Each structure stands twice: as C-alpha cells, then as structure tokens.
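J.: Have a look at the structure that comes next, please.
The values are calculated or read from the model by the stated rules, or taken from the named source; none is laboratory data. Because the structure is a prediction, the values reported are computed rather than measured. Cβ placement follows ideal geometry from the backbone for every residue including glycine, while neighbour counts extend to all protein chains displayed.
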Amino acid sequence: MDIWLLPVAILATTTVLAFPLSRYLSLIMDGKYLAPRMLRWFEERLNSGPQDWKQYVGSMLLFNTVLFLFGFAVLALQPWMPLNGDAKGMLAPSTIFHSVVSFMTNTDLQHYSGDQHLSNFSQIFFGLSNFFLSASIGFCGLVAIIRAFRSDAHLGNFFVDMWRVVVYMFLPISFVLGVAFLQQGSPMTFESSVQVSTLEHGVMGTTNKGDAKQQSIVVGPLAAFVPMKQLGTNGGGFYGMNSAHPFENPTALTNFLSCVAMMLFPFGLVLMFGRMLKRLRHSYVIFTVMMTLMIATVIWAVYYDTLKPNPGLTAHGPAQTFEVPSATAPGGRRTVTLPSVAPMPVDQHLGNLEGKEMRFGTSAGATFAALTVDVTDGAVNAEHDSLNPIAALSPMVGMWLNCIFGGKGVGMINMLLYIIIGIFVAGMMVGRTPEYLGKKIGGREAKLALIALLVHPLMILFPTGIFAATDWGIKAESNPGAHGFSQIAYQFSSASANNGSAFDGLGVTYGFANNPAPAPEAVPWDLAAALVIIVSRFLPIIAPIAMAAYLGAKKSAPYGVGTLRDDTVTFGFLLLGTVVIIGALLFLPVAALGPIAEHLGPIPFGG
Amino acid sequence: MSTTAMVEETQQKPGMKREKPKPPKRVKRMALFTKETTLPAIKQAFAMLRPDIQWKNPVMFVVEVGAFLTLLYILKALFGAPESLVSISYFIALDVWLWLTVVFANFATALAEARGKAQAESLRRSRRETRALRLGPDETIEDISSTLLRPGDRVVVSAGFTIPGDGEIISGIASIDESAITGESAPVIREAGSDRSGVTGGTFVLSDRIVVRITSGPGDSFLDRMIGLVEGAIRQRSPNEIALTLALSAMTLIFLIVVIPLWPMAWNAEQYMMGYLGIQEPLKSLGTDIPTLIALLVCLIPTTIGALLAAIGIAGMERALRANIIAKSGKAVEMAGDIDVVLLDKTGTITMGHRHATSFLPLGKYKANDVGQLAALASAADETPEGKSIVKLYESLGNVPVTTPQQSQFVPFSAQTRMSGIDFPNGRRIRKGAPDAVARFIQESGGRVPDNLRPLVDGAASKGATPLVVAEDGQVAGMIVLEDILKPGMKERFARLRKMGLRTVMITGDNPLTASTIAAEAGVDDFIAEATPENKLEYIRKEQAEGKLVAMMGDGTNDAPALAQADVALAMNAGTQAAKEAANMVDLDSDPTKLIETVEIGKQLLITRGALTTFSIANDVAKYFAIIPALFAGTLPWLKLMDIMNLHSPTSAILSAIIFNALIIPALIPVALKGVAYKPLGADALLRRNLLIWGAGGVILPFVGIKLIDVVLVGLHLLS
C-alpha cells in the first residue's frame, strides 16, 4: 500500500495548491493584481499596445527569434565567457542548434550532458534564462486564447503577459522553492567543481607518484537552477543524469517537491481557464478528465514497473514456438522455436530496480516517469530505458496524448483541440450546429483544430519511420529490434511533445566540436529532432490562437435546454472518449511495434 | 372575425364535400427500396465511379485511388515476378471489396437522389399542362395553354377548373382543393385582399369564380422549384455539410500520416527478425505490402460517413418535402435545428381564432339561467360564431332551445351601436353588447347601471376574456363571458418545444393585460402585445443581438419585414406573395404549428450526421485490433495476443475488416435516409443516449461483425 502513498500524496497536494494558485493566476493575467510601483513602471514600458491575434503571434515569434539568437551566442561563445572554471570548449554546431531550439521551446531535450559540456555561465544564461522565458510562452498563448474566447476587444499584449507571468508568478514561487532545495542540500555556488578525496583509497586511480587521485565533482548554482526547471516544466538537467543526481534532487522531500512543482502550473492553468471564462464547472470537467488519464498513466507505470519483476531476469519457460511465413521453407511456413530461459538469481520483490534511485522510494521512479511526461516536464529521476517494456508505454502515452495537463498553457491548448473535435463530431448528436462556449464551430475552426492536431503524429511517425529504416536510427540504437524501435519512437515523441525526457540508449551526443569520436549519427539526430521541435512547438500554438480568434469573432448564443452542456458528466465521457480513441488511432501501431512487441516477445529479444 | 377563423370554420363544415373527381394525389410515404428507385440507383452507382465525380468527395476519392493502385499492383504481379508470399487471389479479393466500397457509397447517394426524383415525378404529374382563361387588358377572355402564362397575367378560374399557375387572387373568393400538393383532402378557402390570397398552380377550384394574377413564369413555380430541389439539380451543400466534408478530409490526411510511416517501421522489424532468426532470404510481412496498407488506410478513414453524407443531406430535404414544407435551400432546413426562439401568431395558431361564450354571470335579481335565456334570445338570429356559441352554451347547460315570437324583430350588430339583440312584438327589448354601449342603451331607456357591473366587467377583461353585457329594457341582467379558447393540445406542443430547448413567443394584437393571461394559459414563454410590424421586427432584432436564432411563422404582407429578418421564416402557402417571398420556407399545408416539425427535421438532419460520423470513427478501434497483428504476423508473431477476436489468419483478418468496412455502408443506408430519431429529452440526455448507441455501439459492433465475417469466410472455404 505504501507504494501508492507517494503518487497519491503528490496528486492530492498539487490539486489542493492549484485552487488558490488559479485564483492568483487569473487575477494577474486580467491585470487586477496591483504590483509594486517599480515593477509596474517596467510593465508600462513593455506595453506596446493592444494586439490582435496576428500581432500577438508576431510578437511571440519575434521574441523567440531573439531568444534563439541570444541562446546561440551564449553557447557558441562558451569558451570565452566567465564562470568556466573547467575551461569547457564549444559544443558541436549541430548540438548548439539543437540545444538552443530545444531550450527556447520549453522542450529541453538534451543531446549533451550538462555537467560535462556546459559552464556555469551557460547553465545560468542559457539554461536558467530559458527556463523562465520559454515557460511563459505557452502560458501567454493560452491567455490569448481565453481572451479570444471571451470576445475581448483585443488579445492583450504579449510582452506585458510575458512580464506578468515571469515576474509576478515564476520569480516568487521559484525563490521559495529554491530556499527549500538549498536547505535540503543542493549546492549554490559559482565554483565549477570541487576536488574531494574519495573514501575508498585510489578509486579514481593513482598518480605516477602513487598518490590517490582526487575526484572532481561538478557543482554550480543548483538551488537556483532546479526550482524553475521543474516549475516551468522545462526539465533540462544541470547534470546529465538530471533529477537522479544527488545535488539536483538531494532527498525524498526534494523529489516530492519536484513532482509537485512541475505539476503546479499545469493544474492551476486548467482552473484559471475556467475562472477567466467564468465557466469554472467546465474547467472542473476538463480537470477531472485530465486527472483520470493521469491516474491511469501513473497506475500503469507503477503497476508494471514496481509491482512486476524485470522480465529480463525472470524465468521463461517452457519453450515457445511461432510460425512465420517463408518462401523457401516447406509449406511456406517456418517455425521459430524460442528456448526456455532460466531465471537470474536476483531478488525482485521490490519490482524492477534497474536504473532507479532507491533514495526516493520504490515507486518514485515509475511515478516520476509517468508525471514528468504527462506535464511535459521531461526531468527524470530514473532511467526510462530500464523501465519494464510495457511500463514504458505509460510515458509514451503521456507524450502521444500530450494533453494530460500537459505543458503550461500548451497542454490546455491541446485539450481544447480535442474538445473542439469532440464537440464538432459528437456534439451534432444533440441536433444543433456544434457550438463551444456559445460559438458555432464552423469548417474553418474544425480545420484549424485538425491541422494543429495532425502536426503531432506527423512529426512523430514520419521521422520515426525514416530513422527506423535507415542507419540514422539503426546505428544509433543501443539495442536492436523492438526496444531500439522504442528508443527512436520515444526520442521523436519527446521532441514533438516538447517534453524533453529521454529514453536513453540512443547515441545522439556529439559533444564538443573537437570531439574526435562523436556518436556516429549525432548530427542527423540533432537536426531532425530540432526541426520536429520547432514545427511541433509553434504550429500547435499559432493555429489554435487563430481558431480562437475566429470563434471569438462569432456571436455567442445563450445556453438553453437544447444546447450541448460542457459542464456535465456526459461531456466528461465525451471528452475522455475523444482523447482515448483519437490517441489510440494515431499511435497504436507504434505502441504495438515498440513496447507491446517487446513485452509480448520472447527474452532475449531486442536486447 | 379573421379570415383564419373562416377557413377553420369552412374546413369543419361537414356539408362541404367534394363532388369533383379526385386530382392525382402525391405519394406521401415511400418504401426504402423499391424497384423504381433501386434499379436506376444501382446503374448510377457504377456510372458515378468517374474520378471527376468522386473528386467532390475526398474520402471516397482516396478509396478509389487506392482501389486503382491495387489494380495496378495485381496487373504487375500477374505479369511480373510475385513479390509477396500471399496468393494473388487475396489481392483480387481485396481490390474487389475496395471497388465495392466506392460503389456502395455511390449507391447510397444515387438511391437518395432516385427517391427524390420519384417524388419529383409524382409532383410533376400534377403540374401537367392545363387550359388557362387569360383576361386581356380589355377584359376579354382568351383561352390559352398554361405554359404561355407570364407573371402579371390575369386569369379567370371557375369551379371545376385547375388553377393554371402560382398566383394571388385579386378578386373573388373560392374553396380550393389543394390535395394535389398537400395531400390534404379538406378544401380550403382563399379570398382576395386577405392574408390568404395565395394559390398554387395545379390545385383545383371547387366552388365560385376567382381572378388570379399569375406571379411565376413557366418553370419557376413552386412545384418546379420543389422538383428542382429534390432532383438535386440546384442542391447546394449546406455550410454544416461543407464544414464536415472539410473535417473528414483532414481526418483522411491524418490517417494517411499514420499509415505511410508503417511501411518503413515494418521494414525495420523485418530486417531485425532476419538477423534474429539468422536467415538470409528476405523476410516479408504484410506490413510492407502496399495493397494491405491501402486496405488499412481505407478501413481507418471515415468511409462510412463519407459515403453517406450526401445521402443524409438529400434525405433531409426530402423529409421536409414529405412534411409539405418547401425549403428554399438545404441551409434553411438545417438552421431550423438551431432555432432558439419561435414567434407564433396567437390568432389561429394558439387559439381557435374566434371567441366562444363560456359562462353567464347574473346581476341583481337575475339568476345565471335567466341571463343565459336572455342572451340566447338576443342571439337567436345571430349568425356570427359568437352568437351561435351563446345559444350553444345555453343549450348545453340543459335548457330547452329558446323560441322567438313570430313578429319579433332582430337587431343586427353594427359598428355604430356595437350591440345586437331582438325586439319582441310586445315591445320587450333585449340587447347584448359592449359594456359601454349597453350602458348607454340603459340610460337612454331611463334605467340605471348597477354599481357592481364595473368590477365584473374589469374582472373578465383582465382574464383575457371579452365581456358582453345583457340588458332587458332598462335593466342590466348580467354578463356573457366570451373567450377565445386555446386549440386543444397546444400546451403539450409548447412543452415539447421547451424540452427541445426552444422559447415560444406569442404575437397578438391584444392589450398587454389580456396577452399575458392568454400567454400564461397557453404556456408560452413570452408575448408581444399590441403587435405592429415594427415591434415584431424590433423583437426579432433584440433576440438576434443576444446571439439567438429566431424562427417566425407568418402569412400576411405586414409579416414580411419580420419574416425577412428572422433566421428561419416559414410562410404559409395560402399567405400573400410578399410573405412567401420574404420567407425561406413555405408550408403547403398552411398549418401554423408546422414550425415544430420543421425544427425536428433540422435537428434530425444534424443528429444523423453526428451519429454516423461518431460511429465511423468509433469503428476504427476494432479494425486496428484485427489488422495490426495481421500486419506483423510474419515478423512479430507474438502480437497475435493483441488479436482479441482470434481471427483465422492474417489475410482473413484484413479481408474481414475491409468487408465489414464496405458492408456497413449499405447497412446504414436506411438510417441515413430515414434519419436518426429525434427525441426532445434535453441536450444532455440526448447526447448520452446517442453517445451510447453510436459511440459505444460503434466501438463494439465491428468486433462482432468482423469476427462473424471471418467465421463465414472460413466456413465457406474461401480462405486457406
């Protein structure tokens, strides 16, 4: 039972906190919060005037361009910048491109290892600054959509929204969280590394003189870095091993706080949506649907990973036979016989422990894995590559649906697409032209919603197909077969969902530009993933803003007995069904070829 | 008394039976599949395989392209080296079913059109050429063919003749048999200068003689327009249908995105398995087999709704026609489903349209029965419905009919006196009439009006009733209460409208006090009292500004502005030309409560579309469970565990799925043509019900269907 305690505590705490937060959020975004005079002075300077949807989107794209150029400069100039105690060089150009795109879009998929490849200057001015700024973009997009739905005279001002989100919300909350991490033992220093004598003599090797070598441990301003990494659902690790590292996630308490922090805004934003539209009950229904899916992914992960043994270590017998068609074999069929396998002498009563951090508790790895993808955080505290094959379906489903709370703003925007499609198709069954928030959904709106929705499968399935059939993918995967296929599919799912968690096992790291032996396929991975990230980031924000603007321009019909209600249990089931069926139709083949084939298949199969 | 009431009265008269031979009657009900419609539809289904016709339906166009590609693949396999391990007969079977899918879709559309055409044909029979007696400028009568008539011509039509074209009566009054277009056998009265002056070509004059000014040229009459509409010649796709077509195209694109990458993914699995099994020969699975992937694509894209969409639209139009409503466009029918507010005339729609006596109230020494007797005497010779109702009420209270002495003199009602009554030979004078008129009569006769008359009169008036005071010589005897009684069943109808989510508004010329009483009694939600064309228009605009869609029913010329403003305007065929021009629907039956049916037809149209789209998409889940294990049976045989239907073999799984996908189209043709039943349960209950039937049902049914087809295929030894 204690296995379920952690996930229940995380979900309950975050839900309770989300209510007051949502009130605060809607006050701030509606400009009703009165900031200190000095901050207001800045806000007024930033205000470039009311914007329509095209201007708003234009400002957003302009801002991202600046963010891209700045990030590129910081990483490219790393060797010449201060706070670089270990004299780190320049990353490979393709990796810089990928990393900048990845961080600016809140994805934080890392084809480098922070502790090995980035200086503290880069961690702060590239990593931390992007944590704050990229996190606010989806947020602003959602607020613009809400204003469009409300038929406001204009969509507000992007720069003002940005300022409000970053300064009035992210800064104070991340400060409080930072103090907690500091207290729990996260380092906070500009030093690059500390030299320590190892407890076991000579474990790092010995010098020529026979003295034991000291261990060099990378440190940095972690207590400032980590809170926003989680709060902004960024997930880019200071260390390569991310939240599994003792400095990045020192204790079970910080692990708990990390989980709460990454879910806080996605939860709160759903309720903010209802508050700003004055349709709180509607947002309760959405919240419940998202929560149902989230609970399902958590249960799936924990059940198959913590309560089931690692199948690679268990006995497989008796021998199994399968028939596959064959042109040469007699009868056109070849029989494949898979021998029985003896168990490994490993105690598995705590489930699959491979790649887990036991400091956090047995179910912490699986729980974290499910949550981090649901809210597109992408931080990890366990190796997803080592999850039991079928348990790994949970994080993949989280990314495929991409609306189980999802990233700040974008998750809710994705859910809106499902709502629009669901209403457009099934809403007709009440005998009226489908309408949402009193606005009739026409062909243009449905088309925009479907276009925004098709970007995700397009950006996952096509690259996965291409890489699976070429050396780009086959030579990069650590295990061939179904598991390797999962690695490829996971990487592109993570990129397209702007998630950033990695399955690991793929050779995608080029390292410094002068690395003599980079991963052979690192460049195509850098470029392909970066392109996927860009397309999957901006189209699914811009198209819904346009859709909301068109809807908002329509006359709003009052609710009546004959109108489809969006705040009922029936509507909840309609929405749940829409998400599950569309999700299954898009991704079931990939699931079958990856995790399901690996799960059902014999051991050893595909690594 | 209004003309509406007159019509009611005439229609109820039992004596007025037709003696003339019955003109051809319209087919009102049609079996789904008749020889006349099915055979041409089958022929048409094959003719419609032309790519330029399919192009208009993107979903089915994709199927046709897929079927064509499979055909090419088969030809290549026949003449070249076979690339696949699967037998050629599998591909041929696949291709046949792909083509059949397109043919079934065409058949659905063709059948709907054929049914429309059959209906048009029966209409056309009533439009046959007739004689017309044209009135020249010098009032001479010219006998010409009806096809030579032009708008503006005046024709004379007398009893026993067919009206040669649509028009308006400019002089005379006649009873007309409209059964040729409405199917309703009771004759109706049409009169010049009234709100019921419109006549339709092809209808039959039963009595009297009228002069009609023709308003439509040949080929432009209502019947012609109806024929045009049902034949689909001028059928434009409605905005909702276009929106859905767009969405279906986008879904098709999405499934293309799902299916195309399956090829390299399956290839990856093949490569790995070759290494895993340590074999050199190429390993093939159905996952890299192009026709099989085409079959998967066809199974996934929304072919069911794509095939039936056009038929649903045509059938909706046809249902409206069967209800004797001519819509000027499909959009109007569809929009009727979205209506929020309905404006209805009080007189003739909500009430019977004429006042009936309902009680006698005595004053002073008189008893109620005395008042009744005096009233009956005063009305003995009164031929107005009010007068008759007084006599009737008196007799229904158990009294013997009154008799009047021989030489008594009847005093008819006049606008000056506003009284009527009777003078007996003995000088006894009985009067009934408006309270102030009778009061004057009493004072003139030297009597005194009792003080307690005023509250009695006011009390009746405030209840929406009309008080008539009865006086005998110089004395007030009491009062007759006249009430315009509600039509039976109106309250239930309004309740039904309310359940459908519509608000009803009564339009009346009465004062607000009276109007509110009748409104409360009839159960309407709101009323417009002392209605003028301006305040009707204003009311509609106000509602529309709140985002509501307004429907209005009207017949008079003064309704025209409001009809033009309303989103759905239903004019009565008997109404004036101005009203019919302003409306976007015309009711041939001239039945004011027809709006309810109109709204239901509109709703049904949308529900049917939504239900079949939901069903179409929900179906895909089961098809995946059949096809995915089959695709990878050659490389990942353990995926067989996903095949919860436990199908016979990979090829039988794929064939069963594609056969199910094709057969479901003709199976659902009856639903598309008849429409999914609409029940006014409220949106939430309706959605729940339809989600269960079409959503959940759509998920479950194909599991059963595909398994059954698989069993049959194996049972017939059609598969190895």
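Residue-by-condition table, conditions (1) in a loop (DSSP other than H, G, I, E, B); (2) more than 14 Å from chain B (Cβ to nearest Cβ); (3) touching a residue at least 12 places away in the same chain (Cβ under 8 Å); (4) not charged (D, E, K, R):
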{"residue": "A:265", "(1), (2), (3), (4)": "no, yes, yes, yes"}
{"residue": "A:268", "(1), (2), (3), (4)": "no, yes, yes, yes"}
{"residue": "A:273", "(1), (2), (3), (4)": "no, yes, yes, yes"}
{"residue": "A:281", "(1), (2), (3), (4)": "no, no, yes, no"}
{"residue": "A:293", "(1), (2), (3), (4)": "no, yes, yes, yes"}
{"residue": "A:310", "(1), (2), (3), (4)": "yes, yes, yes, yes"}
{"residue": "A:323", "(1), (2), (3), (4)": "no, no, yes, no"}
{"residue": "A:334", "(1), (2), (3), (4)": "no, no, no, no"}
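J.: Here's something else I'd like to know. Which members of region B:600-626 meet the condition of being of a type outside the set (S, T, N, Q) and more than 9 Å from chain A (Cβ to nearest Cβ)?
T.: B:601, B:612, B:615, B:622, B:623, B:626
J.: Further question: Please find, among B:655, B:647, B:718, the residue that is surrounded by 22 or more Cβ atoms within 10 Å (Cβ to Cβ), over 23 Å from the mean Cα position of the chain (by Cα), away from chain A (no Cβ under 14 Å) and not in a helix (DSSP H, G or I).
T.: Only one candidate passes the filter, namely B:647.
J.: Of everything in region A:79-96, what is surrounded by fewer than 21 Cβ atoms within 10 Å (Cβ to Cβ) and touching a residue at least 40 places away in the same chain (Cβ under 8 Å)? Give them in sequence order.
T.: Listed by number, the residues that qualify are A:81, A:83, A:84, A:85, A:86, A:88, A:89, A:90, A:93, A:94.
J.: Looking at region A:444-454, can you tell me whether even one residue there is under 25 Å from the mean Cα position of the chain (by Cα), under 22 Å from residue A:537 (Cβ atoms), more than 9 Å from chain B (Cβ to nearest Cβ) and not in a loop (DSSP other than H, G, I, E, B)?
T.: Yes: region A:444-454 contains one or more residues that are under 25 Å from the mean Cα position of the chain (by Cα), under 22 Å from residue A:537 (Cβ atoms), more than 9 Å from chain B (Cβ to nearest Cβ) and not in a loop (DSSP other than H, G, I, E, B).
J.: Same structure again: Could you tell me how many of the residues in region B:235-266 are part of a loop (DSSP other than H, G, I, E, B) and facing chain A (nearest Cβ under 7 Å)?
T.: So the count comes out to 1.
J.: As an exercise: evaluate residue B:371 against (1) of a type outside the set (Gly, Ala, Ser); (2) closer than 20 Å to residue B:484 by Cα; (3) in a helix (DSSP H, G or I) and give the number of the one condition it does not meet.
T.: Every condition holds for residue B:371 apart from (2).
J.: Do we have residue B:530 as away from chain A (no Cβ under 14 Å), surrounded by fewer than 22 Cβ atoms within 10 Å (Cβ to Cβ), on the phi < 0 side of the Ramachandran plot and of a type in the set (D, E, K, R) here?
T.: no
J.: Would you pick out the residues in region B:438-472 that are small (Gly, Ala, Ser), assigned to a helix (DSSP H, G or I) and modelled with pLDDT of 85 or more?
T.: B:439
J.: If we keep just the residues of region B:501-560 that are over 27 Å from the mean Cα position of the chain (by Cα) and outside any helix (DSSP H, G or I), which is farthest from residue B:199 (Cα to Cα)?
T.: Going through the qualifying residues, I end up with B:511.
J.: Is it the case, given these coordinates, that residue B:399 is loosely packed, with under 15 Cβ neighbours inside 10 Å and not in a loop (DSSP other than H, G, I, E, B)?
T.: no
J.: Going by what's in this entry, would residue B:696 be described as part of a helix (DSSP H, G or I), surrounded by fewer than 23 Cβ atoms within 10 Å (Cβ to Cβ) and more than 10 Å from every other protein chain (Cβ to nearest Cβ)?
T.: For residue B:696, the condition - part of a helix (DSSP H, G or I), surrounded by fewer than 23 Cβ atoms within 10 Å (Cβ to Cβ) and more than 10 Å from every other protein chain (Cβ to nearest Cβ) - is not met.
J.: Return the residues of region A:540-554 that are charged (D, E, K, R) and surrounded by 24 or more Cβ atoms within 10 Å (Cβ to Cβ); say none if nothing qualifies.
T.: Once the filter is applied, which keeps residues that are charged (D, E, K, R) and surrounded by 24 or more Cβ atoms within 10 Å (Cβ to Cβ), region A:540-554 yields nothing.
J.: Hey, any hits in region A:14-37 for a residue that's more than 21 Å from residue A:269 (Cα to Cα) and of a type outside the set (S, T, N, Q)?
T.: So far as region A:14-37 goes, yes, one or more of its residues are more than 21 Å from residue A:269 (Cα to Cα) and of a type outside the set (S, T, N, Q).
J.: Which one of A:529, A:543 is at pLDDT 95 or above and within 17 Å of residue A:400 (Cα to Cα)?
T.: The match here is A:529.
J.: Just to be sure I understand, how many residues within region A:354-395 are within 11 Å of residue A:298 (Cα to Cα), touching a helix residue (DSSP H, G or I) at 6+ places or on another chain (Cβ under 6 Å) and of a type in the set (S, T, N, Q)?
T.: Number of matching residues: 3.
J.: From the list B:521, B:538, B:534, B:530, which one is in contact with a strand residue (DSSP E or B) (Cβ under 8 Å, 6 or more places away or on another chain) and either under 29 Å from residue B:685 (Cβ atoms) or among the acidic types (Asp, Glu) (or both)?
T.: B:521
J.: For the list (1) of a type in the set (A, V, I, L, M, F, W, C); (2) closer than 12 Å to residue A:306 by Cα; (3) in a helix (DSSP H, G or I), I need the number of the one condition that residue A:373 fails.
T.: (2)
J.: Something else: Tell me yes or no: at least one residue of region A:474-483 is of a type in the set (Val, Ile, Thr), outside any loop (DSSP other than H, G, I, E, B), crowded, with 24+ Cβ neighbours inside 10 Å and within 9 Å of another protein chain (Cβ to nearest Cβ).
T.: Scanning region A:474-483, I find no residue that is of a type in the set (Val, Ile, Thr), outside any loop (DSSP other than H, G, I, E, B), crowded, with 24+ Cβ neighbours inside 10 Å and within 9 Å of another protein chain (Cβ to nearest Cβ), so the answer is no.
J.: Give me a count of the residues in region B:591-641 that are buried (at least 24 other Cβ atoms within 10 Å of the Cβ) and not in a helix (DSSP H, G or I).
T.: 5
J.: Which of the following residues is buried (at least 23 other Cβ atoms within 10 Å of the Cβ), closer than 14 Å to residue B:574 by Cα and more than 27 Å from the chain's Cα centre (by Cα): B:169, B:173?
T.: B:169
J.: Is at least one residue of region B:129-148 assigned to a loop (DSSP other than H, G, I, E, B) and either at pLDDT 85 or above or aliphatic (A, V, I, L, M) (or both)?
T.: Within region B:129-148 (the criterion being assigned to a loop (DSSP other than H, G, I, E, B) and either at pLDDT 85 or above or aliphatic (A, V, I, L, M) (or both)), the answer is no, since none of the residues qualifies.
J.: Taking region B:305-354, which residues are within 13 Å of chain A (Cβ to nearest Cβ), touching a Leu at 6+ places or on another chain (Cβ under 6 Å) and surrounded by fewer than 24 Cβ atoms within 10 Å (Cβ to Cβ)?
T.: B:340
Results for (1) assigned to a helix (DSSP H, G or I); (2) under 22 Å from residue A:194 (Cα atoms), shown as yes or no for each residue.
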| site | (1), (2) |
| --- | --- |
| A:94 | yes, no |
| A:101 | yes, no |
| A:112 | no, yes |
| A:124 | yes, yes |
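J.: Let me ask another. With the requirement that a residue be of a type in the set (D, E, K, R), in a loop (DSSP other than H, G, I, E, B) and either more than 7 Å from chain A (Cβ to nearest Cβ) or in contact (Cβ under 8 Å) with a residue 60 or more places away in the chain (or both), what does region B:267-288 give you?
T.: Passing the criteria: only B:284.
J.: Scan region B:74-102 for residues that are surrounded by fewer than 24 Cβ atoms within 10 Å (Cβ to Cβ) and within 23 Å of residue B:306 (Cβ to Cβ) and jot them down.
T.: Hits for region B:74-102 are B:93, B:95, B:96, B:97, B:99, B:100.
J.: Do we have residue B:300 as modelled with pLDDT of 85 or more and in contact with an Asp or Glu (Cβ under 8 Å, 6 or more places away or on another chain) here?
T.: For residue B:300, the condition - modelled with pLDDT of 85 or more and in contact with an Asp or Glu (Cβ under 8 Å, 6 or more places away or on another chain) - is met.
J.: Then there's this: Looking at B:557, B:504, B:508, which is the one that is in contact (Cβ under 8 Å) with a residue 60 or more places away in the chain, within 14 Å of another protein chain (Cβ to nearest Cβ) and of a type in the set (Val, Ile, Thr)?
T.: Selected residue: B:504, the only one of B:557, B:504, B:508 that is in contact (Cβ under 8 Å) with a residue 60 or more places away in the chain, within 14 Å of another protein chain (Cβ to nearest Cβ) and of a type in the set (Val, Ile, Thr).
J.: Within region A:421-443, track down each residue that is outside any helix (DSSP H, G or I) and more than 7 Å from chain B (Cβ to nearest Cβ).
T.: A:434, A:435, A:436, A:437, A:439, A:440, A:441
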